[in-house]
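Report on the structure given below.
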Amino acid sequence: MKILFYNHTGKVSGGERVLSMIVSRLDRERFEAVVMCPEDGPLPSMMIADGVRRLPIDALVARFTWRPTLLTRYLASFLRLMRAARVAVISEQPDLIHANSIRSGLVMSIATVGLKIPVIWHIHDLLPRHPLSTAIRFVSIAFRQTHVVAVSHAVARRFCGSLLRWFSRRPQITTIHNAVDIEKFQPNPWKRAGKRLSLNLAERDFVLGIVGQLTPRKGQLETIEAFAHVAQSFPDAKLIIIGEALFNRDSEYADALHDTAKHLGLADRVLFLGQREDIRELTRAFDLAIVNSKAEPFGLTVVEAMASGTPVLATAVDGICEIVEHGRNGWLVTSGNREQLAEGMELLLADRNMREQLSTSALATVRSRFAGERFISDFEKLYRSVCSTSDSRKFAHPRKLEVKLSAD
């Protein structure tokens, strides 16, 4: 079975790391993977490292907006990409297309009109509460070849909204939780010590870390402000911030983070490491992983920290609540509550036994629910099922089809 994977950007965040896991671990004897993506980031190099053939294509420029000048520009970008994508699909003749985002799904569903090739929309984001989201839902129900995979039940519910429940011919929605490679993310005291040494961190230092692109949704600013209170009680505490600004005006937010750390007198205790390739080693070096998101479709960094043996303090939002059980395998706080966040940090830093209990339980959770083997098996089954259903439709007598919504 030949699968054409399409990613609308070459930049790398959680969705692209998941894509890399899929294409690198598919059964090569049964599945041929081809990845089409732009060259505006490190994703092409990742695909080469994964041993996957890549097709170049321009980056898609599109955002949610009603500004006429920008909307016209974005629509023009969609049209160009659709034409290029259609040419590539006709040339490659895949059995199935895996579009690795909502934007990618829009491009591919429209680009393949009349080609009878099933298109999977792999949705890594919560669909915004925006009028254009209604148009996206209409597109998903307009094409019978569309199948939707959500990374969490929260993402599936948001994608459905209230609109899709009124339509009998709606796309089938399946939830497949993301996963981690347990062989790569696992506790390793020797590597932990080595990474802390390379960062000039003493063994006595309490190291808190937050990983993710620098954007208001990830809550780095509030984390720094909460850490200012923690730093008074824990003079050996340090906060490591990993990530960079990727989209829109996030560079201004990144500047605000640096300014806030200086203003609070934490310039020497808040370390900005930027985008890193050694996330696994850094995550092991933390005493506590912080995920302070205002919204989180899944929470890949949560699972990665849990697999690394690092206890997690996270906000109780969206997909995170499908991973973390408060007080059992992690610690949850209310999003936007700085006092609760600071109290959680202080509680866990002061109680080593609690941290060890949480990390032990978290590791068991990852191995039973978020292992890569389960994840790849689920996708391979889905690919076979979608192609089988699509083939039967190609030869069936035309009739109205009723596709039931599944959130499992």
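The values are calculated or read from the model by the stated rules, or taken from the named source; none is laboratory data. Because the structure is predicted, anything quoted here is derived from the model rather than measured. So basically every Cβ, Gly included, is an ideal-geometry build from the backbone, and we count neighbours across all protein chains shown.
Could you check, for the stretch 149-172, whether at least one of its residues is among the polar types (S, T, N, Q), within 24 Å of L115 (Cβ to Cβ) and at pLDDT below 85? Yes: one or more hits.
Applying the selection to the stretch 348-374, what residues are exposed (fewer than 15 other Cβ atoms within 10 Å of the Cβ) and more than 25 Å from the chain's Cα centre (by Cα)? Those that are exposed (fewer than 15 other Cβ atoms within 10 Å of the Cβ) and more than 25 Å from the chain's Cα centre (by Cα): A350, D351, R352, N353, E356.
Each residue in the stretch 117-147 was checked for being of a type in the set (V, I, T) and modelled with pLDDT under 95, and 5 of them qualify.
Which residue out of K191, K184 is within 25 Å of the chain's Cα centre (by Cα) and in contact (Cβ under 8 Å) with a residue 60 or more places away in the chain? Outline the logic, then answer.
Working: K191 fails: within 25 Å of the chain's Cα centre (by Cα).
When all the criteria are applied, what remains is K184.
Look at T283 and say whether it is in contact (Cβ under 8 Å) with a residue 40 or more places away in the chain and either outside the structural domain of V149 (by TED's automatic domain parsing) or assigned to a helix (DSSP H, G or I) (or both).
yes
For the stretch 295-347, a residue qualifies if it is of a type in the set (G, A, S), assigned to a helix (DSSP H, G or I) and crowded, with 24+ Cβ neighbours inside 10 Å, and the qualifying residues are A305, A307, G319. Scanning the stretch 96-124 for residues that are under 14 Å from L60 (Cβ atoms) and within 19 Å of the chain's Cα centre (by Cα) yields A99, N100, S101, I102, R103, S104, G105, L106.
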